[in-house]
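Just below is one structure, and these are the notes that go with it.
The values are calculated or read from the model by the stated rules, or taken from the named source; none is laboratory data. The structure presented is a predicted model; accordingly, all values stated were derived computationally and were not measured. Backbone-built Cβ (ideal geometry, glycine too); neighbour counts: all protein chains shown.
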Amino acid sequence: MPITVDDVDFGLKLAEFRINGFVVFEDMIDPARVDRIHEAFKRLMAGVVARETAISASQEHGEVATGRGRQNMKGRYTMTIPWVEPFADPAIYEHPVVLAFLDRYWQTDDYVITCSHSNTPYPGTDFQHWHRDTKLGSELPGVYLGRVPVVGVKYPLVDTSEANGSIEVLPCTQYLAEGDLEGRYDDLLTTGDFSTTRRLNLKKGSMWIQDVRTLHRGTANPSDAPRPEIVTCYCKRWFAIDQHVELTRETYAALSDRGKRMLRRWAVEPRA
Ligand SMILES: O=C(O)CCC(=O)C(=O)O
Ligand SMILES: [Fe+2]
């Protein structure tokens, strides 16, 4: 049974997130639900992998409904997740624990969903560079933001470990705001002594929330199977970000009131 809000000590989880720059919640999604998503994901991903034989620095290709994605380094793919069944599941994107956490973190429920995306290291892929998932550090050097206005809410479709390229984070780096260090993290972290790195080894059904500033990297996947992870981005309404989810009018109309508010930056999905 997935956990409920009554199972969570939010004060403690908020402290973990604010101190570590990420927080993990176990037993959030019924594993059978994750498996259903995984099966649909494999079908969509197969087309992207077959098509994307070249490395693409930034641009995803293809239609969302049939597989929009890219190979961003050898054997490592991104793919946009269409807002359709079984992916667009309110049990996940309106997960009561996630929303209760974000309501408390941001002290408002006025935030929106801006992306539905995925990262998948395939067997044989190498380590990524250490990085942040935001330009806040370089765009606003020296600015201390106590609370980040955008987070990634993530869940793997399989158990993750050192054996299949689990993500590695350097906790507590979300508050680092030294402009001269931006752009140098990979050199520094792979050379110097930073002993507090942490592998996010997660059980299927877990979700984790990432402060997008926290330094992290995808690691090599020495297993014989891909290690997909899905991410939904949530951001405060005042924060402009050049991203939105594509929905059909019918899908938008059928959302819950909360869903409609969170997806109000949607765009109509182009039709074939
Ligand atoms: O899923 C992973 O291995 C990490 C991917 C990642 O951090 C990224 O591409 O920004
Ligand atoms: Fe990243």
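Couple of notes before you dig in:
- Residue-level check: of (1) under 18 Å from the mean Cα position of the chain (by Cα); (2) assigned to a loop (DSSP other than H, G, I, E, B); (3) under 22 Å from residue 91 (Cβ atoms), residue 41 misses just (2).
- Unique match (being within 16 Å of ligand 1 (Cβ to nearest atom) and not hydrophobic (A, V, I, L, M, F, W, C)) among 108, 120, 66: 120
- Residues within the range 217-251 that are touching a strand residue (DSSP E or B) at 6+ places or on another chain (Cβ under 9 Å) and modelled with pLDDT of 95 or more, tallied: 16
- Hits in the range 41-61 (condition: crowded, with 17+ Cβ neighbours inside 10 Å and either among the polar types (S, T, N, Q) or within 20 Å of residue 245 (Cβ to Cβ) (or both)): 41, 44, 45, 48, 60
- Failed condition for residue 227, given (1) in contact with a helix residue (DSSP H, G or I) (Cβ under 7 Å, 6 or more places away or on another chain); (2) free of Cβ contacts under 8 Å to residues at least 12 places away in the same chain: (2)
- Subset of the range 252-263 [surrounded by 13 or more Cβ atoms within 10 Å (Cβ to Cβ) and not aliphatic (A, V, I, L, M)]: 252, 258, 259, 260, 261
- Criterion: in contact with a Gly (Cβ under 6 Å, 6 or more places away or on another chain) and of a type in the set (S, T, N, Q) - qualifying residue of 53, 78, 66: 78
- Selection within the range 161-180 - in a loop (DSSP other than H, G, I, E, B) and buried (at least 18 other Cβ atoms within 10 Å of the Cβ): 165, 166, 167, 170
- Taking the range 215-239 as the range and being part of a strand (DSSP E or B) and among the hydrophobic types (A, V, I, L, M, F, W, C) as the test, the residues that pass are 230, 231, 233, 235.
- Looking across the range 127-160, the residues that are within 13 Å of ligand 1 (Cβ to nearest atom), under 21 Å from residue 27 (Cα atoms) and part of a loop (DSSP other than H, G, I, E, B) come down to 157, 158, 160.
- Filtering the range 119-141 to residues that are away from ligand 2 (no atom under 12 Å from the Cβ) and either within 24 Å of residue 82 (Cβ to Cβ) or of a type in the set (Ser, Thr, Tyr) (or both) leaves 120, 122, 125, 138.
- When each of 181, 145 is tested for being within 30 Å of residue 104 (Cβ to Cβ) and either at pLDDT 95 or above or more than 15 Å from ligand 2 (Cβ to nearest atom) (or both), the lone residue that passes is 145.
- Checking 137, 142, 124 one by one, the residue that is touching a residue at least 12 places away in the same chain (Cβ under 8 Å) and out of contact with any helix residue (DSSP H, G or I) (no Cβ under 9 Å at 6 or more places or on another chain) is 124 and no other.
- Hey, residue 189 within 16 Å of ligand 2 (Cβ to nearest atom) and either within 30 Å of residue 237 (Cβ to Cβ) or among the charged types (D, E, K, R) (or both) or not: no
- Residue count, the range 214-223 (criterion: more than 11 Å from ligand 2 (Cβ to nearest atom) and in contact with a helix residue (DSSP H, G or I) (Cβ under 9 Å, 6 or more places away or on another chain)): 4
- Test for residue 114: is it surrounded by 19 or more Cβ atoms within 10 Å (Cβ to Cβ), hydroxyl-bearing (Ser, Thr, Tyr), under 13 Å from residue 234 (Cα atoms) and within 16 Å of ligand 1 (Cβ to nearest atom): yes
- Residue in the range 100-114 that is modelled with pLDDT of 95 or more and within 14 Å of ligand 2 (Cβ to nearest atom) present: no
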